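Here the structure comes first, spelled out in structure tokens, and everything after it is commentary.
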Amino acid sequence: KRLGAAADLNPDGDTPSGPEVVPTANGSSVYFASNVGSGQSWTRHVVRMALDGDGRAIDVTEGDFPAAVEDGVLYAAPDGAGALTRVAHRAEKGGDATELLTITSDSSSWRIGGLWAAGAHRAVAIVSDEDGSGSYLGTWKDGEDAPSIWLHVASGGLVGSASATRFAWGGGSDAVNAEMFVTDWEGTSPNSLGKAPGYARPALSPDGAVVLVPATDGTAPARWTLKRLAA
């Protein structure tokens, strides 16, 4: 069922691509991120569309990496310099955004590179364009002030999948750091799901019991395997 496309937002020209962001939904809406044109410039925006398929694309706010929650959406919001350093929440019914946490660093190079949610669980990826040490994945529960668990990830970019019981991730299009992992929300004993150079993007079922795992040698099209995870 077609809900919409970036061309619906920018009918006068081609929309530039952006980071790998998987659309995310709650019971009534789907959220995604797209570049939106204004004059000669482009800005990343969070966009909402109703799941009933009425075809209207609603520009929610400037930001990226939306993660749908029961009453609206979490997203990475820009600071005054345009860097995505804040996690914010905006209710689906409207109103002002609520800031949940802010990322700061001495070099000012660290920013949000991914955001996910499932039930009361939250995950955020912190990346740096200068540091070169990969990413840091933080998890926390709704109502907590900040991530309580941090995991280091070799890849500088992440494509994640959140479920009720687990979180899975890979390096997306990273052809070097291609290993994929899955862990419970407490971050204990991450388990490898194998490698998929250039296509490391596992996907969990909503209950976290099953994971869809891609496999490729980096040249052939990806093959997909369904794996049931131990209880």
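Here the Kirkwood formula puts the hydrodynamic radius of segment 1-122 at 14.9 Å, using every distinct Cα pair. Here segment 62-158 is assigned +1 on the Cβ of each Lys and Arg and -1 on the Cβ of each Asp and Glu. Its dipole about the Cα centre then comes out at about 200 debye. Annotation: per residue accessible area for the chain equals 51 Å², rounded to a whole number [probe 1.4 Å, protein chains only]. Here the sum of -39500 (n - 2.57) over DSSP H runs of 4 or more residues, divided by the residues of the chain, equals 0 deg cm²/dmol at 222 nm, to the nearest 500. As a length-normalised measure over Cα pairs under 8 Å and 6 or more apart, the relative contact order of the chain settles at 9 percent. Length gained on full extension, Asp184 to Glu62, computed as 0.36 nm times the residue gap minus the Cα-Cα distance: 40.8 nm.
Counting only protein heavy atoms and a 1.4 Å probe, tell me what percentage of segment 89-158's accessible area is made up of carbon and sulfur. Numbers along the way, then the final one.
Numbers: 1590 of 3600 Å².
On segment 89-158, the fraction of accessible area on carbon and sulfur atoms equals 44 percent.
If you average 1/r over all unlike Cα pairs in segment 153-231 and invert the result, what Kirkwood radius do you get in angstrom? Averaging 1/r across every pair of different Cα atoms and inverting gives 12.2 Å. I need the shape label for segment 82-152. Rule: rounded when a/c is under 1.5, else prolate if a/b > b/c, else oblate, with a, b, c from the alpha carbon gyration tensor. Judged from the Cα gyration tensor, segment 82-152 comes out oblate (a/c at least 1.5, b/c at or above a/b).
For segment 1-105, the residue among Thr24, Ile103, Ala76 whose Cα projects farthest onto the positive side of the dipole built from Cβ charges is Thr24. Here the 3J(HN,Hα) profile of segment 170-179, calculated from phi with Karplus coefficients 6.51, -1.76 and 1.60 at θ = phi - 60°, is x, x, x, 8, 5, 8, 9, 8, 9, 6 Hz, Gly and Pro shown as x. Of the residues Ala67, Ala123, Gly113, the one whose Cα sits farthest toward the positive end of the charge dipole of segment 65-132, with +1 on the Cβ of Lys and Arg and -1 on the Cβ of Asp and Glu, is Ala67.
Please list 165-171, 43-49 highest first by mean number of surrounding beta-carbon atoms within 10 Å per residue.
Sorting 165-171, 43-49 by mean packing, highest first, produces 165-171, 43-49.
In order along segment 204-215, the phi-based Karplus estimate (6.51 cos²θ - 1.76 cosθ + 1.60, θ = phi - 60°) of 3J(HN,Hα) comes to 8, 5, x, 8, x, 7, 10, 10, 9, 10, x, 9 Hz; Gly and Pro are listed as x. Using a probe of 1.4 Å on the protein chains alone, the accessible area found for Glu130 is around 140 Å². Between Gly39, Gly172, Gly160, the GNM of the chain built on Cα springs shorter than 10 angstrom shows Gly39 fluctuating the most. For segment 105-231, a crude dipole built from +1 on the beta carbon of Lys and Arg and -1 on the beta carbon of Asp and Glu, taken about the Cα centre, is about 600 debye to the nearest 20. Relative to the Cα centre, the charge distribution of the chain, modelled as +1 at Lys and Arg Cβ and -1 at Asp and Glu Cβ, gives a dipole magnitude of about 780 debye.
Between the alpha-carbon centres of segment 112-137 and segment 154-225 there is a gap of 14 Å. Amide H contacts of Gly72: Glu92, each under 5 Å away and 5 or more positions distant or on a separate chain (H built 1.01 Å from N in the peptide plane; Pro and chain starts excluded). Each label was represented as a point 7 Å from its Cα along the Cα-to-Cβ direction; for Ala5 and Arg228 these points are 4.0 nm apart. With Cα Rg over 2.2 N^0.38 Å as the read-out, I listed [x] 0.99; [y] 1.12; [z] 1.35; which label goes with the value calculated from this structure? Among [x] 0.99; [y] 1.12; [z] 1.35, the one derived from this structure is [x].
The values are calculated or read from the model by the stated rules, or taken from the named source; none is laboratory data. These numbers were taken from a predicted model, which means no experiment stands behind them. Methodologically, a virtual Cβ is constructed for each residue, glycine included, from the backbone with ideal geometry; neighbour enumeration extends over all protein chains shown. Please note that ligands, DNA and RNA were not included when accessible areas were found on the heavy atoms of the full protein model with its side chains. Shrake-Rupley method; radii C 1.70, N 1.55, O 1.52, S 1.80 Å.
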